[in-house]
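To start, the structure under review is shown below, and the notes come after it.
The values are calculated or read from the model by the stated rules, or taken from the named source; none is laboratory data. It should be emphasised that the depicted structure is a prediction, and the values quoted were computed from it without experimental measurement. When we count neighbours, we look across all protein chains shown, and the Cβ atoms used for this are built from the backbone with ideal geometry, even at glycine.
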Amino acid sequence: MDNYFYYDKTECKFIPVTYGHAERIVYTLSLWVLVGSVITTISLAFLSFSVGSPAEIALKAENRALFDQLEETRKSIEYLDGQITSIASMDNEMYRTMLGIEPISDDERQAGVGGADLYAHFDAYSEPSSDLLRWTASNLESIERRINIQKLSFEEIKAHYNENKELMRNIPAIRPVSGIILSGFGMRRHPVLGYKRMHEGVDFRARVGTPIYATGDGVVKSARRWRTYGLLLIIDHGHGYETRYAHLSSLADGIRPGVQVERGQIIAKSGNSGVTSGPHLHYEVIRNGETVDPLNYMFADLSPVEYMEYRRIAESNPMSMD
């Protein structure tokens, strides 16, 4: 330890300060306590400046949790947006088309709004939070507007249906068989002939002997073997609509030309007649002499989710069953 001195006025000289053993221990501890206090104070000041106070740290953690929750909300909004888009697609392609109602355009469904910036107050927050809050508020308002437009559309469809109940009973509006779809409408490679050609219907999985149902009220127009279709049943539904059921194994009792049938009535059993790659039902819808996509005429027993799944399968298979 360094020596310290004090000045003795009596003797007019500096006299060294001497410490006892206990005094030296107290002095050393006091020195370390003082140094530790200074270091601690400096460290706390640095942490407070760089990290924040305990209250600020808690607030940052809370803001982080809120931001993460908003991100989860974004995912939910995106899912809802997709569901509304699917319903709108079915509304235009199936319900409104079947009833002869003018489809609602995308611009009308979006029902955009202009004018002043409605979300300027979010700019007070950090850029990531501001952007997320703007996106969330904007999309929630858009979904609300689109839902309201869809509600009005369904009310219009309901009113039109009530005025055209006979037409709705005759339109082919259900699946002809309970099996899953195998191949869709459009250009497909024939599994036996080996080249691409127009597949004018949809193919359903159906074992031999599976019941086939009339998809709308009508009159049996034809029931005979015809070309590659094998045993073919044709029903005239009036209003320009016909349906065809091909590759049948047999007809139901009493089914012959001129007989009235009702939607949901068993009219035949599936089979493997004609030129096919295996047992199934080939089903067609004809409107005003032209074949149309039967998937757009199954609105009475397909939910939007089922419709989208059927559509996905139909478009993904490049080969037909017949």
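Some points to look at:
- Comparison of 253, 301, 322 shows that the only residue that is outside the structural domain of residue 211 (by TED's automatic domain parsing), part of a loop (DSSP other than H, G, I, E, B) and among the charged types (D, E, K, R) is 322.
- From the list 58, 65, 45, 88, the lone residue that is at pLDDT below 75 and surrounded by 11 or more Cβ atoms within 10 Å (Cβ to Cβ) is 58.
- Within the range 200-213, the set of residues being part of a loop (DSSP other than H, G, I, E, B) and either aromatic (Phe, Trp, Tyr) or under 21 Å from residue 235 (Cβ atoms) (or both) comprises 200, 201, 206, 209, 210.
- For the range 253-295, residues that are more than 25 Å from residue 167 (Cβ to Cβ) and more than 32 Å from the chain's Cα centre (by Cα) total 14.
- The set of residues from the range 223-248 being buried (at least 19 other Cβ atoms within 10 Å of the Cβ) and either without any contact (Cβ under 8 Å) to a residue 12 or more places away in the chain or over 26 Å from residue 169 (Cβ atoms) (or both) comprises 229, 230, 231, 247.
- Evaluation of residue 255 against (1) surrounded by fewer than 18 Cβ atoms within 10 Å (Cβ to Cβ); (2) at pLDDT 95 or above (one fails), failing number: (1)
- Of the residues making up the range 171-200, those that are touching a Leu at 6+ places or on another chain (Cβ under 9 Å) and either surrounded by fewer than 16 Cβ atoms within 10 Å (Cβ to Cβ) or not basic (Lys, Arg) (or both) are 171, 174, 176, 177, 179, 181, 184, 185.
- The residues on offer are 279, 294, 304, and the sole one that is crowded, with 16+ Cβ neighbours inside 10 Å, in contact with a Phe, Trp or Tyr (Cβ under 7 Å, 6 or more places away or on another chain) and touching a residue at least 40 places away in the same chain (Cβ under 8 Å) is 294.
- Boolean, residue 230 is in contact with a helix residue (DSSP H, G or I) (Cβ under 8 Å, 6 or more places away or on another chain), among the small types (Gly, Ala, Ser) and at positive phi: no
- Here residue 309 meets the list (1) free of Cβ contacts under 8 Å to residues at least 40 places away in the same chain; (2) in a loop (DSSP other than H, G, I, E, B) almost entirely, failing just condition (2).
- Flag if residue 202 is within 25 Å of residue 310 (Cα to Cα) and out of contact with any strand residue (DSSP E or B) (no Cβ under 7 Å at 6 or more places or on another chain): no
- Single residue of 197, 188 found to be within 29 Å of the chain's Cα centre (by Cα), in the same structural domain as residue 279 (by TED's automatic domain parsing) and not in a loop (DSSP other than H, G, I, E, B): 188
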